[in-house]
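Here's the structure, in structure tokens; my notes come after.
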């Protein structure tokens, strides 16, 4: 097992970054009338997911990290809702890969949060083996 040295090594961060790219690509085809509405909102909440994963990592305590991971989950739920709106407005097709990716990222965030919570010591710090992967 190796210890993750930076948030950039986390698969959930990497997949979140991929999701941001896909949201930007997807929203390029939205009507011009949505430029400052749904397009902007979709992009902002997509960007918020990996940003909060990174910010929480940088805060230095496990409790802060869990807090920011939960914010990332909230942004993901917001993104999923907005994707559903875009689907209902016929801007996208619900079968698009982006829906599947959001579900995968949601599961990964839950897993990371649960792992950290189980390793938090009374003082809010974690053991050195907090983030490990095989």
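Below are the figures for this structure:
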{"item": "Estimated 222 nm signal from helices in the chain, with DSSP H stretches of n ≥ 4 weighted -39500 (n - 2.57), rounded to 500", "result": "-23000 deg cm²/dmol"}
{"item": "Potential lengthening between residue 101 and residue 44 on full extension [0.36 nm per residue; Cα-Cα distance subtracted]", "result": "18.8 nm"}
{"item": "Computed Rg/Rh of the chain, alpha carbon atoms with Kirkwood Rh", "result": "1.04"}
{"item": "Burial order of peptide ranges 30-36, 7-13 (average beta-carbon count within 10 Å, highest first)", "result": "7-13, 30-36"}
{"item": "The chain: angle of helix 11-27 to the longest principal axis, Cα-based, in degrees nearest 10", "result": "10"}
{"item": "Extended-chain gain in nm, criterion 0.36 nm per residue less alpha-carbon gap, residue 88 and residue 8", "result": "25.4 nm"}
{"item": "Highest-fluctuation residue, 72, 37, 62 considered, GNM on the chain with Cα pairs under 10 Å", "result": "37"}
{"item": "Whole-angstrom gap from the stretch 48-93 to the stretch 4-42, using each part's C-alpha centre", "result": "10"}
{"item": "Crossing angle, helix 38-59 versus the chain [Cα axis fit, 0-90 degrees, rounded to tens]", "result": "10"}
{"item": "Degrees between helix 62-88 axis and first principal axis of the chain (Cα, 0 to 90, nearest 10)", "result": "20"}
{"item": "Chain lengthening between residue 115 and residue 37 when straightened (0.36 nm per residue, less Cα-Cα)", "result": "24.4 nm"}
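None of the figures in this text is laboratory data; all of them are computed from the coordinates on show. Values in this document were obtained by computation on a predicted structure and should not be read as measured data. Reconstructed Cβ throughout: ideal geometry from the backbone, glycine too, with neighbour counts over all protein chains shown.
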